[in-house]
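**Student:** Mind looking over this structure? Questions follow.
The values are calculated or read from the model by the stated rules, or taken from the named source; none is laboratory data. This one's a predicted model, so the numbers in the text were calculated from it and none came from an experiment. Every residue, glycine as well, gets a Cβ built from its backbone with ideal geometry; the counts of neighbours run over all protein chains shown. These area figures cover heavy atoms from the full protein model, side chains too; ligands, DNA and RNA do not enter into them. Shrake-Rupley method; radii C 1.70, N 1.55, O 1.52, S 1.80 Å.
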Amino acid sequence: DSILAVIGDNKGLPEGFELAAAIAYSAYPELKDVSIDMVLTQKGAPMESNFDIGSMILPGKKNRKYKILLNNAPKTYFDPILLRNLPFDAQVGILAHELGHVVYYHKLNL
């Protein structure tokens, strides 16, 4: 509960990777009030950070929403580097890396 207070209540935690994601979020206190969702998908790149295009219509950075897509498809070419196959510390590191992209995106203007 205490780590959730640090990261904010507008964060999506991917099922099965909640603790790793919460620790990664805690490395970026500047993202506490930023809406971010980490979503497990069945397709696409192993990991991908992006923004919700609809949230860019409203003025102000406080309205922006970001999404981190995490491929979790069974038996894929990327299987060796997917989160589920990595040690816990690597999971935290990769999620923190993706959050670093969000920090960068959030500093940009339209």
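**Student:** What number, rounded to the nearest 500 deg cm²/dmol, is the helix-based mean residue ellipticity at 222 nm of the chain, given -39500 (n - 2.57) per DSSP H run of at least four residues and division by all its residues? Walk me through the numbers on the way to the answer.
**Tutor:** On the way: 3 runs with 35 residues, N = 110.
One gets -10000 deg cm²/dmol as the mean residue ellipticity at 222 nm.
**Student:** In whole percent, how big is the carbon plus sulfur part of the accessible area of the chain, probe 1.4 Å, protein atoms only? Could you put the intermediate results ahead of the total?
**Tutor:** Numbers: 3930 of 6600 Å².
Heavy-atom surface of the chain belonging to carbon and sulfur, 1.4 Å probe: 59 percent.
**Student:** Projecting each Cα onto the charge dipole of the stretch 48-110 (Lys/Arg +1, Asp/Glu -1 at the beta carbon, about the Cα centre), which of G93, N50, G60 comes out farthest on the positive side?
**Tutor:** Projecting each Cα onto the dipole axis, the largest value belongs to G60.
**Student:** Okay, moving on. Would you mind checking the stretch 30-49 for residues with the amide N under 16 Å from a putative spin-label position 7 Å along Cα→C-beta of R84?
**Tutor:** Correct set: 39-47.
**Student:** Now, a different point. Once all Cα-Cα distances of the chain are split into 5 Å bins that start at 0, what whole-number percent is in each one?
**Tutor:** P(r) over the chain, rounded to whole percents: 2, 13, 24, 24, 18, 12, 6, 2, 0.
**Student:** Once both axes come from the Cα atoms, what is the angle between helix 88-107 and the longest principal axis of the chain, in degrees from 0 to 90, rounded to 10?
**Tutor:** 30
**Student:** Here is a follow-up. Using +1 on the beta carbon of Lys and Arg, -1 on that of Asp and Glu, and nothing else charged, what's the dipole of the chain about the Cα centre, debye to 20?
**Tutor:** On the way: 11 positive and 12 negative charges, 76 e Å.
Charge dipole, the chain, about its Cα centre: 360 debye, nearest 20.
**Student:** Note the count of lysine pairs whose C-alpha atoms are less than 20 angstrom apart in the chain, limited to pairs 8 or more residues apart or on different chains.
**Tutor:** Final tally of qualifying lysine pairs is 17.
**Student:** Over the chain, what is the percentage of antiparallel beta bridges among all DSSP beta bridges, to the nearest 5? It would help to have the intermediate numbers written out before the result.
**Tutor:** Details: 5 of 13 bridges.
Percent antiparallel among DSSP bridges in the chain is about 40.
**Student:** Please give, to one decimal in nm, the separation of the simple spin-label points placed at E48 and A73, each 7 Å out from Cα toward the Cβ.
**Tutor:** A separation of 1.0 nm, rounded to one decimal place.
**Student:** Taking 0.36 nm per residue of separation and subtracting the Cα-Cα distance, what length does fully extending K62 through Y104 add? Kindly include the intermediate steps, with their values, before the conclusion.
**Tutor:** Details: separation 42, 0.36 × 42 = 15.12 nm, distance 1.47 nm.
Additional length available on full extension: 13.6 nm.
**Student:** Counting only residues 5 or more places away or on other chains, whose amide H sits under 5 Å from the amide H of D52 once H atoms are built in the peptide plane?
**Tutor:** Amide H neighbours of D52: K65, Y66, K67.
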